[in-house]
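Engineer: Have a look at this one.
The values are calculated or read from the model by the stated rules, or taken from the named source; none is laboratory data. Not measured: the values here are computed from a predicted model. Methodologically, a virtual Cβ is constructed for each residue, glycine included, from the backbone with ideal geometry; neighbour enumeration extends over all protein chains shown.
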Amino acid sequence: MQYADHISSDLIERFGPDVFRHQVTADGVLTLWTGKENIVPVVQYLKSNHYPLLYDLCGIDERDRAGKETFTLADFTVVYHLFSFRHNNFIRLKVALSGDYPSLPSITSIFQNANWYEREVYDMFGIRFEGHPHLQRLLMPLTWEGHPLRKEHPARATEMGPFHLYDEKQDLEQEMLRFKPEEWGLQSQGEDTDFMFLNIGPQHPGTHGVLRIILQLEGEEIVDAVPEIGFHHRGAEKMGERQSWHTYIPYTDRVDYLGGVMNNLAYLLAVEEMAGIKVPERVKVIRVMLCELFRINSHLVWFGTFAQDLGQLSPVFYMFTEREKIFDIIEAVCGDRMHPNWFRIGGVAQDLPKGWDRLVREFVTHFPKHLKEYNDMVLRNSLIKARTRGIGVYTLEEAIEWGVTGPGLRACGFEWDFRKKRPYSGYEMFDFDIPIAQNGDCYDRSLVRVEEMRQSLRIIEQCLNNMPEGNYKADHPLTTPPIKKHTMQDIETLINHFLNVSWGPVIPPGEAMSCIEATKGANSYYLVSDGNTSSYRTRIRTPSFAHMQMVPYISKGYTVADLLSILGSVDYVLADIDR
């Protein structure tokens, strides 16, 4: 907080005391309101003064928010989260906007990765960014009517009319899917050659899901690329505003669907911050153990499919065999495998079952030997090295400019891991290293992930050997389900318990942002409560969204075959991109 006070004073001294208004938030992040005429110079100044990462950019429809008159009379708000690695510090800027379809200046001239974030805000809210190079829909079809995260837009299909696909509509939709190079500033001809445009996806094994990439090619060489996302968009943020704080937990499982309970943790940390819930030590260690098991699980899927993309068929079968052993543990503890929905507000669903330690010990004993075999099989293979070394290279500065986090950032030689630098859920109690590499290419991103699995094993073994005694949930009235002992004291406690079970907890007004080191990079939930039984605004910042935006930049000059190496090394999940 000391540097936050310093940068706050610095901003006021440079721009004047009337330019900013301070807001106190539950997460303690320095939060400043400013006018839209100031946002470009303020962001430019922060970037040049140790805030090089545009971490997130999102919008809020304020029109139905209870109690908003206490801090703003805005119709809409655009929120910027910037991060300083040097000072390990977030800053949150807010711009209040009035009118049905307001506008404000774009910051794409300052941050490269602002492009998609601003397009998403335009798509979801109808807020325009003046000076944006290509402001059109990003997640929704071009023919979509309305902006889904506005409060007047229906949240359920039952609130809309039945869908009919008339011949005219089908023709229109097909025509709108036609790629028009000139709209993207791409030329069909060069000085001495005709460019070819190749459509990959949205159904293609190399895209790892429903992703479309249009390549501009000169022979086999990629001149440019345009990713088209949104095919997997399910309105995860909109769902967060219609579900209760408790019943939204299963939806988080499906965002990075390979990350399992790690998605729950990112969400619950923000909820618990606003509710003032401190979880017991046992809960922290249980959560860490399950998260690290899912980290290994996710990396195994990446490892096998990455090798498969490059022509090795056997590894994917070995990796999925190991994955089944982890799922056996997850199923024994949680009752389900891929989407266990097991973490709760204030704790976990049940205590660890008898025999959990035997299953975990068997896994941490046998897995290191097999991991070495798989590493030798894939990363020591000369053909794999030829396909990945020097391919998809980016520098540390470029990685930060595009919002890269996680293994992709550490592959550039930057020893940054949120578990170490900004510990959460008790990670400060564990001894583990941050794997890094130096070259920022496909091969080094692979090396980092393999070593991360070894470090996750170290953490799991420490959980196994040092599991604290105690309760599996906090003794707090807002835990879910509520503590039984708060039931039968008098009629008021019985009523309160009944309401907490049926409606779910009422989280106090406020806002908070979590930040965890998820399987693919930094994952956050920025939640806004207006004192109701559900979130007023649920914003999910995912690593895959930022990473996919960078793919065209790191693909230029390589071949179509290299693109498969690049896509595999990025390790994205389409549900994580589209939400």
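Each row is one residue, and each column tells you yes or no for (1) among the aliphatic types (A, V, I, L, M); (2) more than 22 Å from the chain's Cα centre (by Cα).
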| position | (1), (2) |
| --- | --- |
| Ala74 | yes, yes |
| His81 | no, no |
| Asn88 | no, no |
| Gly99 | no, yes |
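Engineer: Restricting the search to region 9-56, which residues are surrounded by fewer than 16 Cβ atoms within 10 Å (Cβ to Cβ), modelled with pLDDT under 90 and in a helix (DSSP H, G or I)?
Structural biologist: Passing the criteria: Ser9, Asp10, Ile12, Glu13, Arg14, Phe15.
Engineer: Starting from region 38-64, take each residue that is at positive phi and list its partners that are in a strand (DSSP E or B) and surrounded by fewer than 22 Cβ atoms within 10 Å (Cβ to Cβ), counting only C-beta distances under 7 angstrom and pairs at least six apart or across chains.
Structural biologist: Every condition considered, the pairs that remain are His50/Ser84.
Engineer: Only one of Thr395, Thr405 is more than 26 Å from Glu373 (Cβ to Cβ), buried (at least 24 other Cβ atoms within 10 Å of the Cβ) and of a type in the set (Ser, Thr, Tyr); which?
Structural biologist: On the way: Thr395 fails: buried (at least 24 other Cβ atoms within 10 Å of the Cβ).
That would be Thr405, the only listed residue that is more than 26 Å from Glu373 (Cβ to Cβ), buried (at least 24 other Cβ atoms within 10 Å of the Cβ) and of a type in the set (Ser, Thr, Tyr).
Engineer: Taking Leu269 and the conditions (1) at positive phi; (2) assigned by TED's automatic domain parsing to the domain that holds Val528, which numbered condition does it fall short on, given that it satisfies the others?
Structural biologist: (1)
Engineer: Okay, next question. From Glu415, Glu469, Glu452, which residue is charged (D, E, K, R), surrounded by fewer than 20 Cβ atoms within 10 Å (Cβ to Cβ) and in contact (Cβ under 8 Å) with a residue 60 or more places away in the chain? Give the steps one after another, and end with the answer.
Structural biologist: On the way: Glu415 fails: in contact (Cβ under 8 Å) with a residue 60 or more places away in the chain; Glu452 fails: surrounded by fewer than 20 Cβ atoms within 10 Å (Cβ to Cβ).
Going through Glu415, Glu469, Glu452 in turn, just one is charged (D, E, K, R), surrounded by fewer than 20 Cβ atoms within 10 Å (Cβ to Cβ) and in contact (Cβ under 8 Å) with a residue 60 or more places away in the chain: Glu469.
Engineer: Just the residues that are under 24 Å from Asn381 (Cβ atoms) and of a type in the set (Asp, Glu), please, taken from region 441-488.
Structural biologist: Once the filter is applied, which keeps residues that are under 24 Å from Asn381 (Cβ atoms) and of a type in the set (Asp, Glu), region 441-488 yields Asp441, Asp444, Glu451, Glu452.
Engineer: Name the one entry in Glu168, Glu120 that is at negative phi, modelled with pLDDT of 95 or more and either part of a helix (DSSP H, G or I) or in contact with a Phe, Trp or Tyr (Cβ under 6 Å, 6 or more places away or on another chain) (or both). Reasoning before the result, please.
Structural biologist: Details: Glu168 fails: modelled with pLDDT of 95 or more.
Unique residue meeting the criteria: Glu120.
Engineer: Here's another thing I want to ask about it. Going through region 215-230 one residue at a time, which ones are assigned to a loop (DSSP other than H, G, I, E, B), modelled with pLDDT of 90 or more and either surrounded by fewer than 22 Cβ atoms within 10 Å (Cβ to Cβ) or on the phi > 0 side of the Ramachandran plot (or both)?
Structural biologist: Pass one, region 215-230, residues assigned to a loop (DSSP other than H, G, I, E, B): 219-220, 229-230.
Next, only the ones that are modelled with pLDDT of 90 or more stay: 229-230.
Across region 215-230, the qualifying residue is only Gly230.
Engineer: In region 337-344, is there at least one residue being surrounded by 14 or more Cβ atoms within 10 Å (Cβ to Cβ), free of Cβ contacts under 8 Å to residues at least 40 places away in the same chain, within 19 Å of Val255 (Cα to Cα) and touching a helix residue (DSSP H, G or I) at 6+ places or on another chain (Cβ under 6 Å)? So that I can check it myself, show each step before the final result.
Structural biologist: Within region 337-344, the first condition is being surrounded by 14 or more Cβ atoms within 10 Å (Cβ to Cβ), and the residues that meet it are 337-344.
Those still in the list that are free of Cβ contacts under 8 Å to residues at least 40 places away in the same chain too: 337.
Retained after the next criterion (residues that are within 19 Å of Val255 (Cα to Cα)): 337.
Next cut, touching a helix residue (DSSP H, G or I) at 6+ places or on another chain (Cβ under 6 Å) only: 337.
Looking for residues that are surrounded by 14 or more Cβ atoms within 10 Å (Cβ to Cβ), free of Cβ contacts under 8 Å to residues at least 40 places away in the same chain, within 19 Å of Val255 (Cα to Cα) and touching a helix residue (DSSP H, G or I) at 6+ places or on another chain (Cβ under 6 Å), one finds at least one in region 337-344, hence yes.
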